[in-house]
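The values are calculated or read from the model by the stated rules, or taken from the named source; none is laboratory data. Everything numeric here is computed off the predicted structure, so don't read it as measured data. Cβ placement follows ideal geometry from the backbone for every residue including glycine, while neighbour counts extend to all protein chains displayed. Accessible surface is based on the protein model in full, side chains and every heavy atom, while ligands, DNA and RNA are left aside. Shrake-Rupley method; radii C 1.70, N 1.55, O 1.52, S 1.80 Å.
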Amino acid sequence: MTIIILKMKRVPHFILLLFLFFLFHFFNAYSETVKKTINIQLTGGQTKELNPLTDCNVSGTLNWGFSWNASGDDCTIISSMEVNPYAYNDAWYNKFSVTGKATGDKTLKCFFALSWGGSYKDIIVEYKIKVTSSLIPEELSINVGDNYKITPQGSSVTGVNWSSSNTSVVSIITQSPCVIHGQSAGTSTVTLNGKIQKYPFPDVSFSTICLVHVKDVIKVSSINLSSNTKEITAGQSFQLSATVLPSNATNKSVAWSSSNTSVATVSTNGLVTGVSVGSAVITCAAQDGSGVKATCSVTVKAPTVLVSQITLNESNKELKKNETFQLTATVVPSNATNKSVTWSSSNTSVATVSTNGLVTAVGEGNATITCTAQDGSGVKATCNVAVKSNVLITQISIPSSRSVTPNGTATLTPTITPSNATNQSLKWSSSDNSIATVNTSVRDKKVA
């Protein structure tokens, strides 16, 4: 506290009041600090104008001083200019333009004071700037012999000059646009020196770098395909995959082609599709200039027509032991791709069947003969076979005597017992052919 003691004689009253009023306001004037933080995000080459006096959003008259400082990464290009906001006094302040140069974070702080109604406000405007991409690539890799174009982002970069720290590794072919060339394996720093023009701000010079790695080219030595020959039907597809060697080849890209696209086509990723009947060669070629290729021979057949039905000449058959009969199969449709069939018996102790459908009765009982299509359609046909035992003849009866005139004929009718004998064939003979002969073709009689 300050104590002021006035000793005066005959001081006019109004002067004393004026002094006391001034004293009151002098000791009651105060200052406060206002801090404003503004977050800004930029990409490489993008420029933004900063105006601390308006960005602080605080009313008042610019009273004194204006200073600023920057901290953080070397990621921005800053241009500033003085501005007089008032035509009637000498107050000046700074505006800025900020351009993203490289990825990183930058903080820009501006300090000044405003007066308002006898009080002072100390203002701090803090710009937190994040640059998310670079004006030029910060790092890149090229191969020996490659050319690469580097283009600065944004339209405000002028007066560019490019240089290489090691021209035996990276050389600059042209300045505008910048084209670099990989001379030999190694690393070189390519530097861009230029200016940022952002009217009405003054030009500001800057420098930024790109680390360039140059690698030796490793050529493809061989390509192995997942298939070298393939047979498909029209409309069918299959995937070819390529293994490129060596595994560290610089450029492992391949291109696919067909020698006959009317027979088979191939997509850019090796998917082969049959189009029509015929042959085609699918080629996989390395794209690194090595000339290495691999091929797959493709044969396209007509679309598969499956068997829809099989019909047998018999569906039920009764046999005696050792008897045989032939089964024949009719396959539908007649243009089925694979008309092959197989034969099988459900009980080979009763009946067997050969590969061409000949059935043989083996023993008494029942068996099912099955004919199955071999094209995978699952179509079948069956014949039920019943095998019965043989019934032997126990007695043959004919007339004991018969009168016949010379050169005359007579018919003898035998009676066979039992009447259901399995084999009723008879053999006829005469005891004296000088007296009577027998014609077996006429008189051999089977009686049911």
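The C-beta contact set for the stretch 195-213 (first residue of a type outside the set (A, V, I, L, M, F, W, C) and outside any strand (DSSP E or B), second residue at pLDDT below 85 and open to solvent by 60 Å² or more (accessible area, probe 1.4 Å), distance under 9 angstrom, 6+ apart or interchain) is empty.
Counting only residues that are modelled with pLDDT of 95 or more and within 29 Å of V144 (Cβ to Cβ), give me the strands (runs of 3 or more DSSP E) lying completely in the stretch 238-277 with at least 3 of them. Ranges flagged: 242-245, 254-258.
Listed here are the residues, each with its yes/no results for (1) part of a strand (DSSP E or B); (2) open to solvent by less than 20 Å² (accessible area, probe 1.4 Å); (3) aromatic (F, W, Y).
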residue	(1), (2), (3)
I123	yes, yes, no
P137	no, no, no
S168	no, no, no
T187	yes, no, no
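Restricting attention to the stretch 82-104, the residues that are surrounded by 12 or more Cβ atoms within 10 Å (Cβ to Cβ), out of contact with any Cys (no Cβ under 8 Å at 6 or more places or on another chain) and at pLDDT below 80 add up to 6. Taking the criterion of being within 17 Å of T229 (Cβ to Cβ) and open to solvent by less than 70 Å² (accessible area, probe 1.4 Å), the residues of the stretch 272-294 that qualify are V272, T273, G274, G278, A280, V281, I282, T283, C284, A294. Taken over the stretch 339-357, the residue count meeting the criterion of being part of a strand (DSSP E or B) and more than 49 Å from the chain's Cα centre (by Cα) is 4.
Among all residues of the stretch 39-62, there is at least one that is at pLDDT below 85, part of a strand (DSSP E or B) and of a type outside the set (D, E). Within the stretch 413-442, residues that are surrounded by fewer than 11 Cβ atoms within 10 Å (Cβ to Cβ) have Cβ atoms under 7 Å from residues that are of a type in the set (K, R) and modelled with pLDDT under 80 in these pairs: T413/K445; S425/K446, counting only partners at least 6 apart in sequence or on another chain.
Inside the stretch 283-331, counting only strands (runs of 3 or more DSSP E) that do not spill past its ends, which hold 3 or more residues that are among the β-branched types (V, I, T)? Full working, then the answer.
On the way: elements: 293-301, 309-312, 316-320, 324-326.
Where strands (runs of 3 or more DSSP E) fall fully within the stretch 283-331 and carry at least 3 residues being among the β-branched types (V, I, T), they are 293-301.
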